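Working notes, beginning with the structure itself.
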Amino acid sequence: MSGGMRTSTNNTDVRRVNRNRVFRFINHTKETCMSEISSALEISGPTVMSIVKELKEAGVIREVGEYESTGGRKAKAIASVKDFQYTIGVDITLNHVGLVYTDLSEEALAHRRIPKPFRNDKQYIEEIADIVEQFVEENDVPQERILGMGVSLPAIIDQTRQMIPNSHVLGYYDVPCEEWISRMPYPCVVMNDASAAALAEVAGEKRQESMVYLLLSNSVGGAVFLRPENKNGDEEGNASSSRVYTHEGDHWRSSEFGHMTLYPGGEPCYCGKKGCVDVYCSAKKLAELENGKLERFFEKLEEGEPEYRDVWDRYLDYLAVTVDNLRMAFDCDVVLGGYVGSFIGPYIKELRSRLAALDIFDHDGSYARACRYQKEASALGAALYQMEEYISSI
C-alpha cells in the first residue's frame, strides 16, 4: 500500500514540475505550439496537450493564431496572457523612492523615481503607501489583478524572525517587517535591495546559472545566487522549481561585500572599520567630484578630463581586486549593478583587462559584465519576487 502511495505522490510531483516547465517555456517565448514545447522539454505530446488544456482553463495562456500548414492540420499558436497578473516594487533609499510595476513578462512596464529623504517614523511608511496607490492610479494598473508588492531596503532582513535588525545606511535598527507590511495597500514582502536587484538580473532567464551580483551604489552590497540542484537529471537543470536560490548566510548577513577589507588600515568606513570595499568602490567615490551627480562624473570622464581619468583608473584598480576576490570565492560570473553598474558598460573592457591580469587560472576577465537593468533594478526585483512566487505555483 505504501509503495503505491509513493508512486502516486511521485507522479503528482512530476506532473506539477512539468506543468510549471511548460508554462515557463510558453511565457519565455512570444508564441509557440505544442510540438515545439514537446520537443524542447522532452515531454510527451499527450502530456503537453493535457497541460496546455489546464493552463488555458486557468486563463494564463491562450491561442493567438495558427502556424502555416506543413501538410497536416495547422498547429495552434499559444502565448501566455501577460497582463493576467501584476505586481508592484518599491525601492527605499536614503534620499529617494523608486517604483516599478510588472506583469508576467517580468519586465518593467513603468518606473518612477521620487525625491524623498528617509525618515524613521510610521508617518513616512504611510506616505510610501500613498505614493504606491498614486503610482497604480497614474498607470491604470487594474487593482483586482495586483498580486502583491515588494519593498526593498538597504538593510539586513531576517526573514526567519521577519525583522529588519540593521541598516547602517538608513540608521534603522530592530524594526519588525510588519511595520511595513501592515501599512501597504497590497500583500507585501520586505527584502534587501541588493538581493532584489540581483533577482531582476536573473528572472526570466531560460537557463539560470550561479551568479554574484555586486551592487555599486552609494553603498556597496551584493547577493549570491546559486543554480538549482539538478534533481531531475536533465541538462536544463530543471528541478521542482527552476528558480535560482540566494545564499543568505546563517544570520542573514551574506554578501556584505562592501565590508570586506580591501586596504588594511586604509580610509575609515561608516561601519567603523578601515579600508572596506565600500570606501573605495561606492558610487560616492566618483560622484563626490560633482557634488553627488554621478552622471556628471561620467560626462567629464568622457570629455577626457585628466583628474577624472585618474580617479577612474584608481577606482577600476580597486574594483578589479574586489571582483577577482569574488571570482576566487565563488567561481561564477560577477554582475556589476547599482549606480556605477548603470554607467560601466562602455568601460567594461578596461575592467576585464585588469581582471585578466589577476586571473591565475584562465587569464580571462570576461566573467564580469554590466547589469541588464540600469533603472530601478531593486524596485523591479522586489516586484519580481512576488511574481516569481506566483509563477512557481502555476
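Plugging the Kirkwood radius over Cα pairs into Stokes-Einstein for the range 59-130, at a temperature of 4 °C and a viscosity of 1.567 mPa s, what D comes out in µm²/s? After rounding, the answer is 83 µm²/s.
Across all directions, the shadow cast by the convex hull of the chain built on its C-alpha atoms averages 24.3 square nanometres. 3J(HN,Hα) along the range 377-389, derived from phi through the Karplus expression 6.51 cos²θ - 1.76 cosθ + 1.60 where θ = phi - 60°, amounts to 5, 5, 5, 5, x, 5, 5, 5, 4, 5, 5, 5, 4 Hz, with x in place of Gly and Pro. Converting phi to 3J(HN,Hα) with the Karplus coefficients 6.51, -1.76 and 1.60 and the offset θ = phi - 60°, the range 24-40 yields 4, 4, 5, 5, 8, 10, 5, 7, 8, 9, 5, 5, 5, 4, 4, 5, 5 Hz in sequence order, with x at every glycine or proline.
Within the chain, antiparallel bridges make up roughly 65 percent of the DSSP beta bridges whose residues both belong there. Taking each of Lys82/Lys293; Lys56/Lys375; Lys122/Lys293; Lys82/Lys375 in turn, the alpha-carbon distance tops 25 angstrom for Lys82/Lys293; Lys56/Lys375; Lys122/Lys293. Note on Glu63 and Asn139: the model spin-label points, each 7 Å out from Cα along the C-beta direction, lie 3.3 nm apart. Derived scalar couplings between HN and Hα for the range 336-343 equal 9, x, x, 4, 5, x, 6, 10 Hz in order, rounded to whole Hz, by the Karplus curve 6.51 cos²θ - 1.76 cosθ + 1.60 (θ = phi - 60°), x for Gly and Pro.
Measuring spread by the Cα atoms of the range 19-65 yields a radius of gyration and Dmax of 9.5, 24 Å.
Projecting the Cα positions of Tyr86, Val64, Ile164 onto the charge dipole of the range 54-184 (unit charges on Cβ atoms of Lys, Arg, Asp and Glu, taken about the Cα centre) puts Val64 furthest along the positive direction. When the convex hull of its Cα atoms is viewed from all sides, the range 111-177 shows a mean projected area of 5.5 nm².
Note that the range 336-394 shows a convex hull volume over its alpha carbon atoms of 106 Å³ per residue.
Taking amide H as placed 1.01 Å from N in the peptide plane, the amide H of Thr93 sits under 5 Å from that of Gly98, each at least 5 places away or on another chain. With the helix formula -39500 (n - 2.57) applied to DSSP H stretches of n ≥ 4, the chain reaches a computed 222 nm mean residue ellipticity of -12500 deg cm²/dmol.
Each Cα pair of the range 265-386 feeds into the Kirkwood radius, which the Stokes-Einstein equation turns, at 25 °C and 0.890 mPa s, into a diffusion coefficient of 158 µm²/s.
Helix 193-202: angle to the longest alpha-carbon principal axis of the chain, degrees 0 to 90, nearest 10? Relative to the chain, helix 193-202 is tipped by roughly 50 degrees.
Kirkwood Rh over alpha-carbon pairs of the range 301-366, then Stokes-Einstein at 25 °C and 0.890 mPa s: what D in µm² s⁻¹, rounded to an integer? Rounded, D is 196 µm²/s. Residues whose amide H falls under 5 Å from that of Gly150, counting only those 5 or more places apart or on a different chain, are Ile88, Gly89, Val90, Val189, Ala383, with hydrogens built in the peptide plane. Across the range 95-154, the mean sequence separation of Cα contacts (distance under 8 Å, 6 or more residues apart), normalised by length, yields a relative contact order of 25 percent. Over the range 167-224, the hull volume per residue, using the convex hull of the C-alpha atoms, is 114 Å³. In the range 1-146, inverting the average of 1/r over every pair of distinct C-alpha atoms gives 18.6 Å as the Kirkwood radius.
Helix 348-358 and the longest principal axis of the C-alpha atoms of the chain enclose an angle of approximately 80°.
Here, each number is a calculation from the coordinates, and none is a lab measurement. Owing to the predicted nature of the structure, the values given are computational and were not obtained by experimental measurement. Here the Cβ is made from the backbone with ideal geometry for all residues, glycine too, and neighbour counts use every protein chain on show.
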